[in-house]
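The values are calculated or read from the model by the stated rules, or taken from the named source; none is laboratory data. These numbers were taken from a predicted model, which means no experiment stands behind them. Note: ideal-geometry Cβ built from the backbone for every residue, glycine included; neighbour counts use all protein chains shown.
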Amino acid sequence: MVAAIVIVVVVLAILGLTAAGMSVRVLREYERAVVFRLGRLMDERGPGLVLLTPAIDRMVRVSLRTVTLTVPAQEIITKDNVPARVTAVAYYRVVDPNNAVTQVESFDRATLQIAQTTLRSVLGGADLDTLLSERDRLNEELQHVIDAQTEPWGIKVTTVEIKDVEIPESMQHAIARQAEAERERRAKIINAQGEAQAAAKLAEAADVIGRNPTTLQLRYLQTLREIGGNQNSTVVFPMPIDLMKPALDAIGRGTANSGEPEQRSLETGAGGALGPAPEAATPAETPEHQKTGD
């Protein structure tokens, strides 16, 4: 009899300890408890020690930490009919544990599906250039669209980032050629602008040099010095016509003066000192000529 009572007491003690263990929960700082009592939603509990009624209360543990959601690669076709493969990552956290448990069956899987469909729809409406150059704007648009759809579930999407965009190899070559042509265009424009500025400065320098001819001579001497510093075997030095004009005029006047005495000497040798030269005497007619004439 005593042994049976002891066994019953031990069994009751074990059941009591088991029930007490099931009714006590400890939640961390980043965790919250969603409690259902006989199927009805109770107030949110946690963190710390949470006491539950055995066999009546059921608790669902929810984490409030930010979750990193990797969106698998999605095959999309851009607005300009270019196929691309896009991967992204989203960051979200639970802001309302009760809605996260009661409004959707599995909020993490539902958020992943919403992120995939939104990624295809939003990026499919942008062309390839926008997809490659305006990622910040597309990230903000993705974040707003996904957050608006998950807000009733008590989920806050904080950030969405496009990780990688893969395009066909043929399109990569086309983009490389386009970038090369763009850089050549910029180089030609910069070169033309430099030549225009240099021409303007040369025009200003010409105006300054034209006011004083000596400045031009000094410039020629400076150029000669620069050429001589290179130790070239042949030096071609331009001589301005203005510097050579006086010498040419002097040579011209000297040639004119030396030509007049030469002409006078020719006249003196042919006609004498005082007058022109006499005409040559005609030969006398001979009797033979007269006879021939007769």
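Summary table below
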read-out	value
Single residue of the range 39-91 satisfying the filter (more than 35 Å from the chain's Cα centre (by Cα) and of a type in the set (Lys, Arg)) that is surrounded by the fewest Cβ atoms within 10 Å (Cβ to Cβ)	ARG40
Residue list for the range 47-62, restricted to those being of a type outside the set (A, V, I, L, M, F, W, C) and closer than 12 Å to ARG28 by Cβ	PRO47, GLY48, ARG61
Unique match (being free of Cβ contacts under 8 Å to residues at least 60 places away in the same chain, out of contact with any Gly (no Cβ under 7 Å at 6 or more places or on another chain) and over 30 Å from ALA174 (Cβ atoms)) among GLU75, GLU44	GLU44
Long-range neighbours under 7 Å by Cβ, at least six apart or interchain, first residue closer than 16 Å to LEU138 by Cβ within the range 149-169, second among the aromatic types (Phe, Trp, Tyr) and surrounded by 20 or more Cβ atoms within 10 Å (Cβ to Cβ)	VAL157/TYR92
VAL34 being within 46 Å of the chain's Cα centre (by Cα) and either modelled with pLDDT of 90 or more or within 30 Å of PRO168 (Cα to Cα) (or both)	no
Failed condition for ASP96, given (1) within 26 Å of the chain's Cα centre (by Cα); (2) surrounded by 14 or more Cβ atoms within 10 Å (Cβ to Cβ)	(1)
